[in-house]
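Structure, as structure tokens:
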Amino acid sequence: MPDNTTHAKRDDRPEESRRVRLSQTFDEDAELYDQTRPGYPSELYDDLAEFAGACPGSRVLEIGCGTGQATVPLAGRGCRITAVEAGPSMAAVARRNLNGAAGVEIVTADFESWPLPEESFDVVFAATAFHWIDPAVRMAKAAEALRPGGALAVVRTQHVRGGTEEFFVEVQRCYERFDPDTPPGFRTPEAADIDGSDHAQEVVQSGAFGPTVFRRYERDLTYTTSEYLRLLQTYSGHRALSETARSGRLGCIAGLIDGRYGGRVTRRYLIELAVSRRR
């Protein structure tokens, strides 16, 4: 079997032909997303303050806030936030989670068509969401929303090698069996093989920002069989399958975890923060 880690495929590069449809799947079960998706490490918010200026009183525009996994901690640090979320169910859960926090507004709208307010922002922030925004719009509109010297801060997440490594080798059989588009012999990439230069190049090509600063964080999270299956059901690639294929794949994965891994597996995440200052 070939090893694909030399040219590691990112989790956050949706095919343009499927980008809009896949982005809509998250709103189908906002409660499940809220209950199962992991948040972000505290060090990330420290770096957001240091490198992007996401400090008490700063004006933050959050793109694609989901159910508020990053919005709540930012609000707790005293940021004034306008969060734009396209999914009405996701936005409703975010409002509940923010519970009327002072200085926070959740707007239900597509970022691409949402009219920017007259007052500019100190920070434009997107946590695991920027890749769902139309690439023809996202950089230019983010720059337009920022004051000169303001920061674009983009968080990206990636499943990388580590944790219960042998499980993630064996589980590819379940993916290949129930989804013919699965690359044969795929292996989870090493964190060192994940390249963020595509984002840096997009920043440069926009002509609106200075150099991009990157920070990386790794974390291991352990899941029981049921917890892991619930997590998988929040990912667009699983939700886009037919019901038959999705049920078959999840059943195959559950059998593997229960039968060979004692009902528990650990998944390693790479979280990347990229900060670019508007010229």
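What to note about this one:
- Ala83 vs. criteria modelled with pLDDT of 95 or more and either more than 26 Å from Gly196 (Cβ to Cβ) or in a loop (DSSP other than H, G, I, E, B) (or both): no
- Residue match in the range 150-166 (condition: over 19 Å from the mean Cα position of the chain (by Cα) and of a type in the set (A, V, I, L, M)): no
- Checking each residue in the range 1-57 for being under 20 Å from Leu152 (Cβ atoms), charged (D, E, K, R) and modelled with pLDDT of 95 or more picks out Glu43, Asp46, Asp47, Glu50.
- Residue count for the range 69-83, restricted to those that are buried (at least 23 other Cβ atoms within 10 Å of the Cβ) and among the aliphatic types (A, V, I, L, M): 4.
- Candidates Pro73, Pro117, filtered to the one that is more than 18 Å from Ser23 (Cβ to Cβ) and in a loop (DSSP other than H, G, I, E, B): Pro117
Per-residue answers, yes or no, for (1) closer than 14 Å to Arg267 by Cα; (2) of a type in the set (Lys, Arg); (3) modelled with pLDDT under 95:
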site	(1), (2), (3)
Ile133	no, no, no
Ala142	no, no, no
Ala151	no, no, no
Thr164	yes, no, no
Val169	yes, no, no
Pro184	no, no, yes
His199	no, no, no
Glu202	no, no, no
Thr224	yes, no, no
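- Verdict on Ser276 being modelled with pLDDT under 95 and under 30 Å from Ala52 (Cα atoms): no
- Residue in the range 15-58 that is surrounded by the fewest Cβ atoms within 10 Å (Cβ to Cβ), counting only those that are basic (Lys, Arg) and either within 20 Å of Ser89 (Cβ to Cβ) or touching a Lys or Arg at 6+ places or on another chain (Cβ under 8 Å) (or both): Arg21
- Single unsatisfied condition, Asp122 versus (1) farther than 26 Å from Glu50 by Cα; (2) of a type in the set (D, E, K, R); (3) part of a strand (DSSP E or B): (1)
- Condition check for Arg216 on (1) touching a residue at least 60 places away in the same chain (Cβ under 8 Å); (2) within 19 Å of the chain's Cα centre (by Cα): one failure, at (1).
- Looking only at the range 245-279, residues that are in contact (Cβ under 8 Å) with a residue 24 or more places away in the chain and within 19 Å of Gly162 (Cβ to Cβ) come to 14 in all.
- In the range 197-218, of all residues being of a type in the set (Gly, Ala, Ser) and touching a Ser or Thr at 6+ places or on another chain (Cβ under 8 Å), the one that is surrounded by the fewest Cβ atoms within 10 Å (Cβ to Cβ) corresponds to Gly210.
- Answer residue from the range 84-111, given it is in contact with a Ser or Thr (Cβ under 7 Å, 6 or more places away or on another chain) and touching a residue at least 60 places away in the same chain (Cβ under 8 Å) and is surrounded by the most Cβ atoms within 10 Å (Cβ to Cβ) among those: Met90
- Listed by first and then second residue, the pairs linking a residue in the range 126-141 that is surrounded by 14 or more Cβ atoms within 10 Å (Cβ to Cβ) to a residue that is modelled with pLDDT under 95, with Cβ atoms under 6 Å apart and 6 or more places separating them unless they lie on different chains, are His131/Asp12; Trp132/Ser23.
- Matching residues, the range 253-262, being surrounded by 15 or more Cβ atoms within 10 Å (Cβ to Cβ) and either more than 19 Å from His238 (Cα to Cα) or within 26 Å of the chain's Cα centre (by Cα) (or both): Ile253, Ala254, Ile257, Tyr261
The values are calculated or read from the model by the stated rules, or taken from the named source; none is laboratory data. In this text the structure is predicted, and so the values were computed from the model without any measurement. Neighbour counts are summed over all protein chains in view; Cβ atoms, including those assigned to glycine, are modelled from backbone coordinates with ideal geometry.
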